[in-house]
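For reference, the structure discussed in these notes is given below.
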Amino acid sequence: TRQLTVHSAEPASRDDLLRVHTVDYLDRLKAMSDAGGGQAGYDAPFGAGSYEIACLSAGLAKQAVADVWTGRYQNAYSLSRPPGHHCLSDKGFGFCLLANIPVAIEAARAEHGLQRVAVVDWDVHHGNGTEAIFYDRSDVLTISLHQDKLFPQNSGDFADRGQGDGLGYNLNIPLLPGGGEVSYAYALERLVLPALRAFQPQLIIIANGLDAAGFDPLGRMQLHVDAYRQMTKTMMAVADELCDGKLVVVHEGGYSESYVPFCGLAIVEALTDCRTAVEDPFSVSIIGAQPSERFNALQRELIDEMAAAL
């Protein structure tokens, strides 16, 4: 189309993966994949050939980051599958086999000189893997907005701010279950945007989980198509302000087969400054389910408390 260039990418190489993952994990994952599949880690089942598919998923993220950082494109959407934000350096986790975003960041650092990157994760589940990989580093700011105490249940606390050189470079924003567009918009305004402005990234990556939308079977948040559209525009604006518009969106979770496509389309429409004729057939239901002002007032109060503590 005139607004969108669509292409694939080479799979991530073993050298790409070894910048993030251990030799032992990669060898085990490949052997299990060749033997018909298995469990890469907690809640991370996979079948035959999944190693190669995961390498392609990471390769898509790598290419998207490289193309935006080097100026080939202003922004990009990496339609990666399987997802990556739960994956640890030495094991899979939560449907994730390889850490797509860290692999992409480290490749761009090694091959193209990228230095300071911010990752904003709005998947409904805490981005524990991305957090863990960069937890002691100051060159990657990791931010996760997620439903409080959902998955993993023992991670994602606001108090977890990084360690060593990375202290202050991790920001968790746990949100009350049932929150919708007001919760996310206020969290972006009060917490995410100030953190990005303080960090001054050269490039921003969104870990785009669409499981914070209404109807998702694995979450209890209430985002809708226009909420995702506006959140994307907010991130585009701050990218314009801080890093010449360099913004990459990498696909993560989303389990409502009927609703995820509409939310994903809205994000791509925002990135390309284009509106298609496709309308959200579920908007009345989800907008009608947005929480009350009493709920929103409580969520704003909790967000204000987090902002005051930074």
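The values are calculated or read from the model by the stated rules, or taken from the named source; none is laboratory data. Not measured: the values here are computed from a predicted model. FYI the Cβ positions are ideal-geometry reconstructions off the backbone, even for glycines, and counts take in every protein chain you see.
Summary table
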{"read-out": "Residue ranges of helices (runs of 4 or more DSSP H) in the stretch 1-108 with at least 3 members under 20 Å from the mean Cα position of the chain (by Cα), surrounded by 21 or more Cβ atoms within 10 Å (Cβ to Cβ) and at pLDDT 95 or above", "value": "50-69"}
{"read-out": "Hits in the stretch 145-165 (condition: in contact (Cβ under 8 Å) with a residue 24 or more places away in the chain and either among the polar types (S, T, N, Q) or over 18 Å from L191 (Cβ atoms) (or both))", "value": "Q147, K149, L150, F151, P152, S155, Q163, G164, D165"}
{"read-out": "Residues of the stretch 145-203 that turn out to be assigned to a loop (DSSP other than H, G, I, E, B) and small (G, A, S), as a count", "value": "8"}
{"read-out": "Count of the stretch 109-130 residues which are surrounded by 24 or more Cβ atoms within 10 Å (Cβ to Cβ) and in a helix (DSSP H, G or I)", "value": "3"}
{"read-out": "Qualifying residue in the stretch 284-306 (condition: over 22 Å from V68 (Cα atoms), of a type in the set (K, R), part of a helix (DSSP H, G or I) and in contact (Cβ under 8 Å) with a residue 12 or more places away in the chain)", "value": "yes"}
{"read-out": "Those residues of the stretch 214-236 which are out of contact with any helix residue (DSSP H, G or I) (no Cβ under 9 Å at 6 or more places or on another chain) and either of a type in the set (D, E, K, R) or closer than 30 Å to R116 by Cα (or both), in sequence order", "value": "R220"}
{"read-out": "Subset of the stretch 251-298 that is over 20 Å from A187 (Cα atoms) and of a type in the set (S, T, N, Q) - its residue that is modelled with the lowest pLDDT", "value": "S283"}
{"read-out": "Filtered residues of the stretch 240-282 (kept if touching an Asp or Glu at 6+ places or on another chain (Cβ under 8 Å) and at positive phi)", "value": "G254"}
{"read-out": "Any chance S144 is over 30 Å from L18 (Cα atoms) and of a type in the set (S, T, N, Q)", "value": "no"}
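This table checks each residue for (1) surrounded by fewer than 21 Cβ atoms within 10 Å (Cβ to Cβ); (2) within 21 Å of R294 (Cβ to Cβ).
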site	(1), (2)
L175	no, yes
L196	no, no
R220	yes, yes
A237	yes, no
